[in-house]
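These notes are about the structure you will find just below.
The values are calculated or read from the model by the stated rules, or taken from the named source; none is laboratory data. As the structure is a computational prediction, the values presented were derived from the model and not from experiment. What goes into the accessible areas is simple: the full protein's heavy atoms, side chains included, and nothing from ligands, DNA or RNA. Shrake-Rupley method; radii C 1.70, N 1.55, O 1.52, S 1.80 Å.
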Amino acid sequence: MLSTVYLTGDSVEARAFVDDLPSNDWRTVALTRLTNHGLTVVNPLEIAWSNRNPEEAIVLDDFTDKRVRRALDLIDESDALLANLEASSYGTAMEIFYAHRRGKMVTVVGSSPFSPWVLSHSQ
């Protein structure tokens, strides 16, 4: 039984796929709908990053950026992943692939047709 859903995808307007809600942020729409069904939502954008200046170069510790490691850990702790594919993102694609390989339920929303890679790694 699903209890925790990880959100991924660039911040794009919800109106791209939902016409009847007042919010334009797809993450807010997903959070509202999923929590109304008793699910816990993990929105990595709401979890503070480090105090690092975003314009500084990223220093890789053991060849893995701390932000990537944190995202992978959050996916591991979740039961499912919801990906908004209205805008392309390398990070979103990697998170979809990782979640699928870890046996998580992966659901995608966005404009079709989807890439065969997306179709092969989502339900």
Fill in: Probe 1.4 Å, all protein chains present, accessible-area order of PHE97, PHE114, largest first
PHE97, PHE114
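So with the 1.4 Å probe, I'd like the accessible area per residue for region 61-123, rounded to whole Å².
Numbers: 3970 Å² over 63 residues.
Ligands and nucleic acids excluded, the result is 63 Å² per residue.
Keeping all protein chains in place and using 1.4 angstrom, which order do THR92, THR107 fall into by accessible surface area, from largest down? Don't skip to the end; give the middle numbers.
Working: THR92 5, THR107 50 Å².
These residues rank, largest area first, as THR107, THR92.
With a 1.4 Å probe and all protein chains kept in place, how do MET94, MET1, MET105 rank by accessible area, largest first? Before the final figure, lay out the partial values.
Working: MET94 130, MET1 220, MET105 80 Å².
The ranking, largest first, comes out as MET1, MET94, MET105.
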Worksheet, complete the sentence: Which residues qualify? For THR40, with a placed amide H closer than 5 Å and at least 5 residues away or on another chain, they are THR4, VAL5
Worksheet item: So how much accessible area does LYS66 have, in Å² to the nearest 10, using a 1.4 Å probe?
Response: 150
Worksheet item: Using a 1.4 angstrom probe and counting only protein chains, how large is the accessible area of ARG102 in Å², to 10?
Response: 130
